[in-house]
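Q: A single structure is presented below for examination.
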Ligand code: NAD
């Protein structure tokens, strides 16, 4: 058997073989877990350049330096953090025993056990990170794994499959490539845990399939992450930071700012400052190596379609930078769409590309209400210096994560949970919380040598006063 599975028919026997290996092996030591993680780290370090070039080729223009930063460094951060902390995470976790058994020598603890095999389905937008960051936690927890990269990045998927085939025992880590049919069959397998990163729509189907086998799922989905700019914000700095965030990966990031709520009195200033900051980062469009292309024609048509629709509706669209570009290429300027109607597609669907909605407001509570009327977003951003307002926003909204006075940054905290809520997902990974996500938390109680319940009159046949003794112990 090879680590690169050649057909979906090989997956069921592989899972059975991984299960036998898992059961036969018993506890997975810290050294073994570190060795597995190190093999992934070595793969990335040894082949970082061809991997970055493969991602560049798949996007038809994604700066290899950005690929190294986002996918290789990002994955290495998760993998090394897990490698360097897993021994502490694995330790037996003592829990206090109830009285009076605590006095009699009883003990309680939580044992963190690997679940078995974790299936991991990745996306195209961060093709390495969405596979290796969950894998870091799955391996740290002592599991085996099978990866399923996105078919939209075929060069990257093929190279990964080749490298994993060369370096891994399939009983430890395997990979299968393919499109929707493979994805559907993958999600229908009896994994011990399934991680899916992708769209909310596909996530629903994945969860339905996993439910057939009662497979627990971690769903890392998307959504329309809002930005609230408060009256007290430094508009120019907020616009600059949002321009940096929105330009990252050409806006094709799950936590990319999707719509910005700006006080009505400061909307023009925001648009001007954003356009200036974005145009300074990306002064040209076509053939600009720093600008990440829209990944394929389908997504390009989707983004262009949003813009055509709002233009037809008479909505103001500000192009940044305001220079001519070659529409035959997939590189696009960033389009600021000002106050589009609620009925437009760009207001209803996750943008996931080079466009950003700007909505002016005069009452912050209404903004919070509007956010709360929609699906729970994966990220939320607040800009401002008003502590009471910040507390109000944090206290009255729900989102996967938050960055204050910046965007995207909270996701870079290697030892803080990352995940969505509601329609933006369930479960979390990164750091210790990821280790817990892929562990079975098994409570163990070890009894004392003597059992005093008989002497205490607690066992049948119950004596006359038994009920009143128990009643006397019922308290508030
Ligand atoms: P997608 O849902 O189209 O695909 C994700 C994975 O599922 C791929 O491996 C794909 O091959 C597979 N797949 C696609 N259709 C399938 C189907 N019908 N049945 C089974 N499998 C199927 O997502 P995408 O376009 O690759 O990624 C973009 C989405 O992912 C956005 O919504 C984005 O917000 C989200 N995302 C979320 C995170 C996160 O961490 N929360 C990270 C990156 C992307």
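Bear in mind that the values in this text are calculations on the coordinates, not laboratory data. Computed from a predicted structure; not experimentally measured. Cβ atoms come from the backbone with ideal geometry, glycine included; neighbour counts cover every protein chain shown.
Q: What percentages, rounded to whole numbers, describe P(r) for the range 205-278 computed over all alpha carbon pairs with 5 Å bin width beginning at zero?
A: 3, 15, 20, 17, 11, 8, 6, 6, 7, 5, 2
Q: Quick one: if you take sqrt(5λ) for each eigenvalue of the C-alpha gyration tensor of the range 226-416, what semi-axes come out, biggest first, whole angstrom? Before the final figure, lay out each step's value.
A: Numbers: eigenvalues 133, 63, 54 Å².
Working through the eigenvalues yields semi-axes of 26, 18, 16 Å.
Q: Kindly give the semi-axes, whole Å and largest first, of the ellipsoid equivalent to the range 350-444, taking each as the square root of 5 times a Cα gyration tensor eigenvalue.
A: Working: eigenvalues 164, 46, 39 Å².
The three semi-axes for the range 350-444 are 29, 15, 14 Å.
Q: Provide the gained length on full extension for the span residue 265 to residue 328, in nm with one decimal, where the gain is 0.36 nm per separating residue minus the Cα-Cα distance. Don't jump to the answer; show the numbers that get you there.
A: On the way: separation 63, 0.36 × 63 = 22.68 nm, distance 3.82 nm.
Going from the current span to full extension adds 18.9 nm.
Q: Restricting to DSSP H runs of at least four residues, report the calculated mean residue ellipticity at 222 nm for the chain, -39500 (n - 2.57) per run over all residues, nearest 500 deg cm²/dmol. Mind showing how you got there, number by number?
A: Working: 17 runs with 194 residues, N = 476.
That calculation yields -12500 deg cm²/dmol at 222 nm.
Q: Once both axes come from the Cα atoms, what is the angle between helix 129-140 and the longest principal axis of the chain, in degrees from 0 to 90, rounded to 10?
A: Around 10 degrees separate the two axes.
Q: Over the range 1-136, calculate the relative contact order: mean separation of alpha carbon pairs under 8 Å at least 6 apart, over the residue count, as a percent.
A: Values: 98 pairs, mean separation 34.7, N = 136.
So the answer I get is 26 percent.
Q: Using Cα pairs closer than 8 Å and at least 6 residues apart in sequence, work out the relative contact order for the range 60-203, in percent. Before the final figure, lay out each step's value.
A: Working: 199 pairs, mean separation 35.5, N = 144.
Result for the range 60-203 is 25 percent.
Q: Next up: If you line up the long axis of helix 235-247 against the longest principal axis of the chain, both from Cα atoms, how many degrees apart are they, to the nearest 10?
A: 80 degrees
Q: Based on the mean of other beta carbon atoms within 10 Å per residue, what is the order of 458-471, 284-297, 131-144, most packed first?
A: So the peptides 458-471, 284-297, 131-144, ranked by packing, come out 131-144, 284-297, 458-471.
Q: What is the gain in length, in nm to one decimal, between residue 451 and residue 339 on full extension, counting 0.36 nm per residue of separation less the C-alpha to C-alpha distance? Don't jump to the answer; show the numbers that get you there.
A: Numbers: separation 112, 0.36 × 112 = 40.32 nm, distance 7.16 nm.
Full extension of this stretch gives 33.2 nm more.
Q: Report, in degrees rounded to the nearest 10, the 0 to 90 angle that the Cα long axis of helix 387-396 makes with the longest principal axis of the chain.
A: Here the helix axis deviates by roughly 60 degrees.
Q: Can you tell me, using C-alpha contacts under 8 Å and at least 6 residues apart, the relative contact order of the range 226-416 as a whole percent? Walk me through the intermediate numbers first.
A: Working: 329 pairs, mean separation 56.1, N = 191.
For the range 226-416, the relative contact order is 29 percent.
Q: Run the paramagnetic zone check for residue 9: 7 angstrom along Cα to Cβ, then residues of the range 160-183 with backbone nitrogen under 20 Å.
A: In the range 160-183, the label zone of residue 9 (backbone N under 20 Å from the point 7 Å along Cα→Cβ) covers 175-183.
Q: Pop the C-beta distance of residue 415 and residue 93 into the FRET formula with R0 = 22 Å and round what comes out to the nearest 0.05. Let's see the in-between values first.
A: On the way: r = 17 Å, r/R0 = 0.79.
E(calc), rounded to 0.05, equals 0.80.
Q: Using a Förster distance of 51 angstrom, determine the FRET efficiency expected from the C-beta separation of residue 213 and residue 284, and round it to 0.05.
A: E(calc), rounded to 0.05, equals 0.50.
Q: What whole-number volume per residue, in cubic angstrom, does the convex hull of the C-alpha atoms of the range 1-145 give? Mind showing how you got there, number by number?
A: Working: hull volume 20.9 nm³, N = 145.
It is 144 Å³ per residue.
Q: Ok, one more. Can you compute the modelled spin-label distance between residue 167 and residue 106, with each label point 7 Å from Cα toward Cβ, in nm?
A: In this crude spin-label approximation the distance works out to 4.9 nm.
Q: Here's a follow-up. Using a cut-off of under 11 Å, list every residue of the range 10-50 whose amide N is near the label point 7 Å from the Cα of residue 1 along the Cα-to-beta-carbon line.
A: Within reach of a label on residue 1, which here means backbone N under 11 Å from a point 7 Å along Cα→Cβ, the range 10-50 contributes 10-22.
Q: A further question on this structure: Give me the base-10 log of I(q)/I(0) for the chain at each q in 0.07, 0.09, 0.11 Å⁻¹, Debye formula, one uniform scatterer per Cα, rounded to two decimals.
A: Taken in order of the listed q values, log10 I(q)/I(0) reads -0.44, -0.67, -0.92.
Q: Same structure, new question: Where Rh is the Kirkwood radius over the Cα pairs of the range 400-476, the temperature 25 °C and the viscosity 0.890 mPa s, what D in µm²/s does Stokes-Einstein return?
A: On the way: Rh = 17.8 Å.
For these conditions, the coefficient is 138 µm²/s.
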